[in-house]
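The values are calculated or read from the model by the stated rules, or taken from the named source; none is laboratory data. Computed from a prediction, not measured in an experiment: that's the story for all the values here. All Cβ positions, even for glycine, are placed from backbone atoms using ideal geometry, and neighbour counts span all protein chains on display. Only protein heavy atoms, including side chains, enter the accessible area calculation; ligands, DNA and RNA are left aside. Shrake-Rupley method; radii C 1.70, N 1.55, O 1.52, S 1.80 Å.
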Amino acid sequence: MTAMTTRQAGRPTAYRRSRVQRRLMVVAWTMLLPFLLVFTLTVIAPLLYALTISVFQNRLIGGTVFVGLDNYARALTDPLLGEGVVRVLLFVAVQVPIMLFISLTAALALDSGRLAGSRIVRLGLFLPYAVPSVVAALMWGYIFGGQFGLVGQIWGFFGVDAPDLLGPGLMLPSIGNIVTWSMVGYNMLIFYAALRAVPTEIYEASAIDGAGEFRRAWSIKLPALRPAMLLALVFSIIGSLQLFNEPSILQALRPSVITTNYTPNLYAYSLSFLGGQINYAAAIAILMGLVTVIAAIFVQVVSSRARRGGRS
């Protein structure tokens with residue numbers, strides 16, 4: 001009798017649990033449905049459309065024909081695309097470390113509590129991020145102008161010819177300056193938020209042990225910042241590989257310097273909207289997306305291996 005009673009009492013309990021789990025699943029999917037719908041319409045559908053048209057080609061004779069991977073093979077051997085890719089990789093190798101170093105230094109200075117007017121400094125560093133990239137490129141483009149901009153006026157005041165900051169040799173560093181100016185505050189907030197999450201007991205224990213500010217930053221703050229630094233690094237690499245707004249705006253000021261293949265995204269845009277080669281442009285966009293994904297995964301793998309090596 002006791003066993004029968006236990007089994008009978010267990011069945012309603014299991015049934016109620018299953019009903020609760022089903023209700024929770026319904027609620028979860030109901031809350032996820034708007035996101036999934038928007039994600040499908042704005043990410044999945046355009047990606048599938050780009051993949052579809054990238055394997056076709058518009059020809060004068062025959063119209064749209066299926067060409068398979070011909071567009072991808074053409075992109076891999078395109079010297080104009082290669083120049084843009086090399087230029088963007090150089091931009092990533094130089095601009096991203098400089099930007100992250102400035103952001104890290106600013107975050108450490110703000111977290112130290114010894115910086116006067118830290119709230120104003122934090123707001124001032126973040127404010128450029130609120131400026132749209134198009135507006136920032138326009139503003140800095142006119143500042144860099146040798147004849148009409150602020151740089152030209154300052155150098156002209158001293159009777160010296162201004163350097164051509166929008167010339168072939170300095171255009172890429174000038175773009176790097178614009179991107180750094182815009183993104184330093186964003187990355188600084190990521191680092192600063194991670195630093196504020198460190199328990200105060202750790203700082204108190206280090207102070208009791210006699211650790212100075214530099215020792216505290218090296219042994220406590222920098223290790224605590226590793227996840228945030230990885231996040232900022234991945235985001236910065238993705239954004240730099242997709243460089244488009246700044247070159248496209250500055251192209252109107254110096255079209256002889258910023259050509260249609262200055263960056264891969266600008267090249268794909270020019271092919272699609274100016275050259276009518278939509279299929280080939282879609283193949284380039286897919287390839288650059290793959291390069292971006294591979295770069296992000298590579299950074300995460302290297303970082304995780306370095307972290308495991310440091311622990312061992």
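Solvent exposure of the chain, expressed per residue, is 62 Å² of accessible area, with all protein chains present and a 1.4 angstrom probe. By a 1.4 Å probe calculation restricted to protein chains, residue 203 has an accessible surface near 50 Å², given to the nearest 10. Computed over every Cα-Cα pair of segment 94-227 and binned at 10 Å starting from 0, the pair-distance distribution P(r) comes out as 11, 31, 27, 18, 10, 3 percent.
Computed with every protein chain present, the accessible area of residue 150 is close to 90 Å² [probe 1.4 Å].
Would you work out what percent of the accessible area of segment 189-273, with all protein chains in place, is carbon or sulfur (probe 1.4 Å)? List each step's numbers first, then the result.
On the way: 2710 of 4300 Å².
Carbon and sulfur atoms account for 63 percent of the accessible area of segment 189-273.
To the nearest whole percent, what portion of all C-alpha pairs in segment 234-312 is separated by more than 14 angstrom? Provide the component values of the computation, followed by the final result.
Details: 2099 of 3081 pairs.
Summing the P(r) of segment 234-312 above 14 Å gives 68 percent of all pairs.
Within the chain, helices built from complete DSSP H runs that reach 27 Å or longer along their own axis (Cα positions) and carry a mean Kyte-Doolittle hydropathy of 1.6 or higher are 79-111.
Centre-to-centre separation between the Cα atoms of segment 138-157 and those of segment 161-191: 15 Å.
Once you charge only the Cβ atoms, +1 for Lys and Arg and -1 for Asp and Glu, what is the size of the charge dipole of the chain about its Cα centre, to the nearest 20 debye?
Working: 23 positive and 11 negative charges, 406 e Å.
Once rounded to the nearest 20, the dipole reads 1960 debye.
Apply the Kirkwood formula to segment 133-192: the hydrodynamic radius equals the inverse of the mean of 1/r over all pairs of different alpha-carbon atoms; give it in Å with one decimal. Please list the in-between numbers first.
On the way: mean 1/r = 0.0799 Å⁻¹.
Final number for the Kirkwood radius of segment 133-192 is 12.5 Å.
Other residues with beta-carbon under 9 Å from the beta-carbon of residue 111 carry, at +1 per Lys or Arg and -1 per Asp or Glu, a net charge of +2. Sorting 83, 213 by accessible area puts them as 83, 213; the probe is 1.4 Å, largest comes first, and only protein heavy atoms count. Each listed q (0.11, 0.13, 0.14 Å⁻¹) maps to a log10 I(q)/I(0) for the chain from the Debye sum over equal C-alpha point scatterers, namely -0.92, -1.11, -1.19.
Starting from the Kirkwood Rh over alpha-carbon pairs, what translational D in µm² s⁻¹ does segment 148-270 have by Stokes-Einstein at 10 °C and 1.306 mPa s?
88 µm²/s
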